[in-house]
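Single-structure report; data block below.
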Amino acid sequence: MKPKTLYSFKTLEKKLPTDKYKKLKFFSGIFLFSFVFFAASLFLTVTRPVPGEGGRYIEGIVGYPRLINPIYIDKNPVDRDLAKLLYAGLVKYDGEKIIPDLAERWDISDDQKTYTFYLKQNIRWPDGEKFTSNDVKFTFDLIQNRDYKSPLITSFNNIKIETPDEYTVKFILPKPLTPFLESLQVGILPAHIWSKVTPESIILTDFNIKPIGLGPYMFKDLTKDKFGKIHSYTVVRNKKYHLGGPKIDKITFKFYPDFETALQDLKIGSIDGLNMLPIQYRDDINEREINIHRLQLPQYTAVFFNLTSDSPIKNKEVRRALAYATDKEKILKEAIDGNGSIIHGPILPNYPGFNPNIEKFDFDLQKAGEILEENGWKFRQNQNNNKENDKEKNMSNDEKEKIEEQDDTLSKYRTNKDGDILEITITTADVPELSNTAKILKNDWEKVGVKVNTNIVDINTLQTKYISKRDYEILIFGEIIGVDPDPYPFWHSSQISSTGLNLSNFKNKEADKVLEDARKTADLKAKNDKYIHFQNILVMDIPAIFLYNPNYLYPVSKKIKMYNQKRIITPSDRFANIEKWYINVKRVLK
């Protein structure tokens, strides 16, 4: 039997008259288009778009990881960023408030001294071991053990930890501590792994760089350069994450020595985002491809005077003169392009204890000069009467030039009765907003006769060599105050040590007592009054000059969807809702 012929348009073109063929082809095209359009419309009508899985995000970070370990991350913001993805704590910040994380819920006793946490059950570590209260107790025991030298030890001193059963943990405080809940964001370590690590070897173990945690992502791999520095670091989504598996498959971090280098890669598309954008580079970003998220960050930048340094700044009147010689308006405008607000104390607007009537040191160079003059710091005028004595006649030209240079210096800068020049050194990081602030201060302070040296170093060196050892006279730096504005960690005398945050080495018995009492009360009005009292003490002693509260600029490719953060407590909180981010979209039936 002869098979039937299947006609194609080419066959029909030969068999049909030209006009009929053209009509057939035209109406066939309309039919096909209508069918496709109808099918597509029907598909869109009965389905809806939802976040899909997959995709890869690459973020640049200025700095390098060292110890991605929850009990050590307080010293390095890069470690904190990575730990945010790899570990989970009892509670977490969700962009607005503290919510449960590994805990299902918690109770606080009436006397505010016992916190009882009820853990989520059926959570397992990546190797299959159960997560229990033993892991929680083990982690905080490590922090409390001085042999492990955790910088978090001061936050958990004298706190008793009990585990009534596998899924209950009690923290018993010696006295009420209102910011305690926020401090429990510490990532929990797997006891069955870390219990084998001794204090002597804890810094050396591979688990610090290849962590095992319960966060939304898990370690995948890393690359190092020829000097041993980690060049890139990749994590993959934890499909069993207890708050719901993330959508983005893979996140890779690339590390850079400075913002200029990182910014070039962002501009050419080698990375999709940058950990932060210094304000002076804002106009370099193409906002058609990159979203610049402006995040509120409870941080202040200040000039910290090291009150234990052997320097003229030990004198309070010198510090007061420098405060009057500080042009905050100029610093805000020129150092951070107006991207923030001027402040006069350590407690920011909209926080308990904020005092809009705090004493202010308005910019006044004349007043600054008068204070220095009254306190024995005077200009030495060049009294050269053009008569050379016998000694000068026998001097070489080089020796005469040296004397003239010394005379010029003495006429430009103030000296005390002993002939010592009023000379100070500012130390800060080579972050543009900080180094630019240092330049502005140097320019203005020298107008009142202070010789100012600047020591600008990279951020890692600043942390390890200068801040940890308190090896500076004056430090320009930013401090992040957290959900609760509790000034205790930054200004109590117990925080003067290398692991503490009291960068001015400020010590005042009355201030200590006020800060201790404020931590004990849950009464907002009482707390507010104590914070105002504390700030009045601070203004009297002038251990620091408070400059500005900056906004945090976070540039991210527009391919990343669902980024809706408005407020962060620390820079790592930009990942607070990382499990909700997505790149791909899929459609499902309505």
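The values are calculated or read from the model by the stated rules, or taken from the named source; none is laboratory data. Fair warning: this is a prediction, and the values are worked out from it, not measured in the lab. FYI the Cβ positions are ideal-geometry reconstructions off the backbone, even for glycines, and counts take in every protein chain you see.
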* Tell me, yes or no, whether region 512-532 has at least one residue that is closer than 22 Å to Lys314 by Cα and out of contact with any Gly (no Cβ under 8 Å at 6 or more places or on another chain). => yes
* In this structure, is Leu152 under 30 Å from Lys239 (Cα atoms) and in contact with a helix residue (DSSP H, G or I) (Cβ under 7 Å, 6 or more places away or on another chain)? -> no
* Structure fact -> Counting only residues that are surrounded by fewer than 16 Cβ atoms within 10 Å (Cβ to Cβ), within 18 Å of Gln366 (Cα to Cα) and of a type in the set (Asp, Glu), region 309-342 contains a total of 2
* In region 133-142, which residues are within 18 Å of Leu67 (Cβ to Cβ) and either of a type in the set (Ser, Thr, Tyr) or at pLDDT below 95 (or both)? -> Thr139
* Matching entry among Lys239, Lys220, Lys247 (being farther than 16 Å from Thr139 by Cβ and surrounded by 15 or more Cβ atoms within 10 Å (Cβ to Cβ)) -> Lys247
* Under 6 Å between Cβ atoms, at least 6 apart or on separate chains: pull out the pairs that start in region 570-586 with a residue that is in a helix (DSSP H, G or I) and end on any residue that is surrounded by fewer than 19 Cβ atoms within 10 Å (Cβ to Cβ) and at pLDDT below 90. => Glu579/Gly244; Lys580/Met562
* To do: Scan region 168-181 and give yes if some residue there is of a type outside the set (A, V, I, L, M, F, W, C), in the same structural domain as Arg105 (by TED's automatic domain parsing), touching a residue at least 24 places away in the same chain (Cβ under 8 Å) and within 27 Å of Arg237 (Cα to Cα), otherwise no.
  => no
* Structure fact -> Within region 350-381, restricting to residues that are more than 16 Å from Trp491 (Cβ to Cβ), of a type outside the set (Phe, Trp, Tyr) and touching a residue at least 60 places away in the same chain (Cβ under 8 Å), the one that is surrounded by the most Cβ atoms within 10 Å (Cβ to Cβ) is Leu372
* Asked: Which residues, counting only those in region 535-569, are of a type in the set (Val, Ile, Thr), over 20 Å from Leu434 (Cα atoms) and not in a loop (DSSP other than H, G, I, E, B)?
  -> Ile537, Val539, Val556
* Could you tell me whether any residue of region 157-175 is part of a helix (DSSP H, G or I), touching a Ser or Thr at 6+ places or on another chain (Cβ under 8 Å) and either at pLDDT 95 or above or β-branched (Val, Ile, Thr) (or both)? => no
